[in-house]
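Reviewing the structure listed below.
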Amino acid sequence: MRSAHQQPNRARALWRNVLSSAFRTALACSIIGIATLYGPASFQNQVAFPAFSYVSAILVVTDATLGDTIHGFWLAIYASVQSLGPAMLSLWLIGPAKLSNGTTALAVALAGMIVVLPESTHMVAKRIALGQIVIVYVIGFINGGQTHPIMHPVHVAASTAVGVLACVFALLLPYPRLACCEAKKSCKLLAENGSERLKLFVKALCAEEKPAASGFISQAKLLNAAANKLHESIKRFQGSMEWEKLPFKFLRPYYMNSGEKLREIEMALRGMEIALESVPSFPEKLMVDGGELKDGLLGMEDHISLTIKQAKSFIPGDPITVPESNAEDVMKFLQTLQAAPETHQGLPTFFFLFCMNLLHSEWLPKPTTKTPVKSEPISSDKNGFSFKEVWSGCGLKSSRIKPAFKFSLSLGFSALFGLMYSKPNGFWSALPVAISFAAAREATFKVANIKAQGTVLGTVYGVIGCFLFERFLPIRFFSLLPWFIFTSFLRQSKMYGQAGGISAVIGAVLILGRKNFGPPSDFAIARIIETFIGLSCSIGVELLFQPKRASTLAKIELSKSLEILHECISSMSLEPGEASHAENQKNLKSHVSQLGKFIGEAEVEPNFWFLPFHSACYGKLLGSLSKVVDLLLFGAHAIGFLERESQKLDTSWKASVNKLDGDLKLFKESIGSLIKYLGQITSIKSIPGLDKELEKSNISYDLEKGKSPCPNIFRVSDSDDDEDEMDNILLSFLLHSNEAVDVIQGIEGEKEIKSQMVLSLSALGFCMKTLTTETRKIEQGVRELVQWENPSSHVNLYEISCKISALS
């Protein structure tokens, strides 16, 4: 019932966001239109490029808040200084009349490279600066001797200023759209979402039968996607909130980091979901036998939900207050857990309770202490001048040279071929390339395709609007409003996204927002052709300088992820002081995220004559790796709890840690070796290529005589039940866990310490068990992937690993 009620609410929220975005965009464009079409003649002479005013406005106002537009205003000033200052000097020295197709393209390429090279410059500033460069040089060449080397860039700056100022006014009228208000709305929805998922997970654990539990889990999973979007929106609004603090000092108390606490529940909820998916049968034995445990779990869920409801009210400056006595009472039921489960079947429930405990501890109020900032000692080595430090201090890195050079070539060729095709409209080929600059790697063909489609859609709509309302300019402006609404949906769609939606907006605005530019159909055809020239240059340069396909990069990233996963497994330890483990986990999470991006790009990449991308297999591998990242993080939390509680104990318990560390070492050797060999297997190009390398190196090995250079740790088949060794390691770990807990006797708070130890050790055991399961899934996925890439070869992972070891 609740999910059905939430569906129309989500639809209404979507419509409100779309209508609000469309209204602000329409208002900004209307301000520009009124100013440039009906303003004084002197003003119109200064704003000589109203088309770029519209472009600047679209770049800044799209889905913006007031903070975004204030930030965009300063970025436009920075971009103008960065691009127009050198342009004035170069035009004055060279003279516009001396420009040619080649020199104009070269000037555009060099100026574009200077703008793109620094990594620290904001993306909006780069796009505005690149657009200004195209307008200044290409139109300066088109107008020839009539171009004034100083006033021409000033006119471009004035046109830019009109666009960004219109955005600021559009976000102020009729009332300001503040980022803090948007963030608090998202936080409120996220709190409700988290509370609802928590209730569903607890209901699933307490369910009497499997279908009921599956239903609750499915309902919770449906809320995951909404939670991810809310987290992204909160993160985006936080940057805008910083800029809104400046003019609105009286609102500063309201600009608190509202989403920080809510993000902390996501990890615990993810752990509960993993635990429920691993429960062997419902009703769960602990919930049936321990009525006190079930009642306590429900009470703890009510307590955490109440705390989340307090957080969603967002009272400025007031901390989240939880009655301390109540917080202690809800935790007492966990003290009934005085021993870890004897088999792995009971581990999921203990892990669920561990996540609940983790969630509860994250929400407990923590005392705030001011820690003095330690000043870094100045090293004598840094007293001298270092060109490398100056280079990096300006935001310049050697890794940026190739992407900057590649983009400058795209921009230069776009300007050159655009001018060669049609000198009066030559700037329309380079301008779309300039304003759609992206720092990160993109799906080149998909992005070019949606930009082209968006440009055609917008241009055709503009031509139809001009045809219907040829003599009524104000009505032409009103006809843009439904188009803004439509393109707002386009920007949120998977088919077109931001690039296609913005292209469609600009295509319509450039026709409907201007006058005295000739027949609309002629302008439309010329602009579409020029846009295709620019996009073709981008694709050509991308293929020339970045020949590696996304599918190839995904395979390389998979191998890197497995290599770092091996390091993460190897660094697991119950001994304190393992600082490298956290760094390895962070590195692994970054690589898995990058793998997901490459997979998404490869899925929309055309195959041409290459082997089709095995999307399903990579999707399974990515899912297992993402789950492994979560499990390693939970394992680190469990070890952290153990280290904290062990400080209260004597040396007798610490002696028991050696046995537990021995079990963990056996686990690391078994699973770590498997992951290591899987990483090596994914790095080979092909099985025949590997055989040729063996023949070339004259290396032989004989599996039959036991001369293989690596142990056989691979499954023979999916049905092969070879988990006895890992089960024995896990049983030994649980046995030693109970022995370690039994040692704790006669100390203050004995029951509480024992229960915390039991939960932490059980959680670590669950992570070991589930890591083993996911590693076997990764092994199956790697076998499937290698078979896909070598359809004519028989795939034996053990044999391949032996060949790799023999070569190394």
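Every number in this text was worked out from the coordinates using simple rules, so none of it is lab data. This is a predicted model, so every value here is computed, not measured. Note that each Cβ is placed from the backbone with ideal geometry, even for glycine, and that neighbours are counted across all protein chains shown.
Most tightly packed first, judged by the mean number of other beta-carbon atoms within 10 Å of their residues, the peptides 732-738, 609-615, 538-544 read 732-738, 538-544, 609-615. Here the peptides 137-147, 191-201, 15-25 are ranked by packing, the mean other Cβ count within 10 Å, and the order with the highest first is 191-201, 137-147, 15-25. Each 5 Å bin from zero up to the one holding the largest Cα-Cα distance in the stretch 39-161 carries the following percent of pairs: 2, 12, 22, 22, 20, 13, 6, 3, 1.
Working note: Cα gyration tensor of the stretch 550-807, eigenvalues times five, square-rooted, sorted largest first, giving semi-axes of 39, 21, 14 Å. For the stretch 550-807, the relative contact order is 31 percent, taking Cα pairs closer than 8 Å that sit 6 or more residues apart in sequence and dividing their mean separation by the residue count. Fully extending the segment from Lys221 to Ser42, taken as 0.36 nm per residue of separation minus the present Cα-Cα distance, adds 58.4 nm. Note on Asn17 and Ala212: with the Förster distance fixed at 51 Å, the Cβ-Cβ geometry gives a FRET efficiency of about 0.90. Annotation for the stretch 51-124 versus the stretch 452-502: alpha-carbon center distance of 25 Å. Across the options Gln647, Thr772, Gln585, the greatest Cα extent toward the positive end of the charge dipole of the stretch 550-807 (unit charges at beta carbon of Lys, Arg, Asp, Glu) belongs to Gln585.
Modelled spin-label separation between Lys98 and Met151, with each label point placed 7 Å from Cα along the Cα-to-Cβ direction: 2.2 nm.
Around the Cα centre of the stretch 550-807, unit charges on the Cβ atoms of Lys, Arg, Asp and Glu (plus for the first two, minus for the last two) sum to a dipole of about 600 debye.
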